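For reference, the structure is listed below as structure tokens.
The values are calculated or read from the model by the stated rules, or taken from the named source; none is laboratory data. Since this is a predicted model, take the numbers as computed values, not measurements. Here the Cβ is made from the backbone with ideal geometry for all residues, glycine too, and neighbour counts use every protein chain on show.
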Amino acid sequence: MTAHEIDAILNRALAGRDLSPAEGVALLRQTDPDVLAAIQQAADALRQQQVGDTVTYVINRNINFTNICEQHCSFCAFRRDQGQEGAYWLDSTVILEKTADAVQRGATEICMQGGLNPKAKHNGASLPYYQQLVHLIKQQFPQLHLHAFSPQEVQFIAREDGLNYAEVITALQEAGVDSMPGTAAEVLDDRVRQVICPEKINTATWLTIVETAHRLGMPTTSTLLSGHIETPEQQMRHLGLLRSLQQRALERNYPARFSEFILLPFVGQEAPKALRRRVGRDQPILGDALRLMAVARLFLGNWIVNHQPSWVKLGLDGATMALTWGCNDIGGTLMEEHITTMAGAKGGTCMEVETLRAAIASLGRPAQQRDTLYQAVISNGVA
């Protein structure tokens, strides 16, 4: 593809027109430094046009309540079998201690996800166990936004208890769940899923559960696990499905939709050996991640305007660089992080607010604390 043709694609994006998946693939295949600089500049300009220069962040805590899981995803170094060395299952006392500590440190959000533990039941049923987790936090800390339970966990609960997805999501909402992580998406292409997560829900099921959540008024995030065996065509198919789902939520006037897009580059240092050998490296390639984030902004920007890198996976320097490639949010403090860290990530497990704000300031851009749904948090009368 000529430089003139690339410029035409970038100009269409900057004019507010939707790019085709084929145009996205063309951008992803570029390697010339001058062309990559043009893609970066276009993504950064579109970011500025759509959401301005302010960089947002959230004060939150991850609580991964168990790593006991019935599935065996080929990229996962987190899961354990019951009784295996390193297996854990947090009790209510520990969960409350972690939550209280997060509140003390200014958190507005708890993000809670865990392995698919068949023994995680209350009175013989799965849903009451998850409701109990929610009540545990919400009864003592009703002000917290609970961002909890992925589409995979919703399917697991529904399967265990013989319920439909709407029944599970409604029950979790009523218990106090405020939004759903858009994880377990990995790559929304079943040929890829058959290799990296054959036991997980398929593409159609993930899309159905997320659309059901939007229809019922539960916002979700969206993610893409990149940089393993997927092709640029499969990356763009994934982004196309996210865009279509968001468009449908708007067309049908659903009360909720995607709040953000997060790129999750593959970290394989401690992943199962078969996938590690196939991928051929342990850490993400920063240049590939930055290019994909820029293309995601150009492709999704009209429909999903908040884009976030992962400082856990890319390191803070890489995540800061991503803020010049189309991202407008630097993520959360997390306070603890197990899933990616156990895979061998070098980005750390906790980020102080001052550190995030200093990274943002290094770019000469203003910082703003936000809540989970991207509303500004006012502290002591100051935004």
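If you go through the range 216-231 and pick out every residue that is crowded, with 18+ Cβ neighbours inside 10 Å and out of contact with any Ser or Thr (no Cβ under 7 Å at 6 or more places or on another chain), you end up with 7. Taking the range 1-22 as the range and being without any contact (Cβ under 8 Å) to a residue 24 or more places away in the chain and charged (D, E, K, R) as the test, the residues that pass are E5, R12, R17. Among the residues of the range 239-270, the ones that are in contact (Cβ under 8 Å) with a residue 12 or more places away in the chain, of a type outside the set (D, E) and out of contact with any helix residue (DSSP H, G or I) (no Cβ under 9 Å at 6 or more places or on another chain) come to 4 in all. A Cβ distance below 6 Å, combined with a sequence gap of six or more or placement on separate chains, defines the contacts here; from the range 186-215, residues that are closer than 15 Å to L264 by Cβ and touching a residue at least 40 places away in the same chain (Cβ under 8 Å) reach residues that are in a helix (DSSP H, G or I) and among the hydroxyl-bearing types (S, T, Y) in the pairs L188/T203. Could you check, for the range 72-90, whether at least one of its residues is touching a residue at least 12 places away in the same chain (Cβ under 8 Å), basic (K, R) and closer than 25 Å to Q283 by Cα? Yes, there is a match, as at least one residue in the range 72-90 is touching a residue at least 12 places away in the same chain (Cβ under 8 Å), basic (K, R) and closer than 25 Å to Q283 by Cα. Among the residues in the range 136-148, are any under 30 Å from E230 (Cα atoms), free of Cβ contacts under 8 Å to residues at least 40 places away in the same chain and in a strand (DSSP E or B)? Taking every residue of the range 136-148 in turn, at least one turns out to be under 30 Å from E230 (Cα atoms), free of Cβ contacts under 8 Å to residues at least 40 places away in the same chain and in a strand (DSSP E or B).
Please find, within the range 282-340, the residue that is modelled with the highest pLDDT out of those that are touching an Asp or Glu at 6+ places or on another chain (Cβ under 8 Å) and closer than 14 Å to C350 by Cβ. The residue in question is G332. Here R61 meets each of (1) among the basic types (K, R); (2) surrounded by fewer than 20 Cβ atoms within 10 Å (Cβ to Cβ); (3) touching a residue at least 40 places away in the same chain (Cβ under 8 Å) with one exception, condition (2). For V187, indicate whether it is outside any helix (DSSP H, G or I) and under 20 Å from L300 (Cα atoms). So V187 fits the description; yes.
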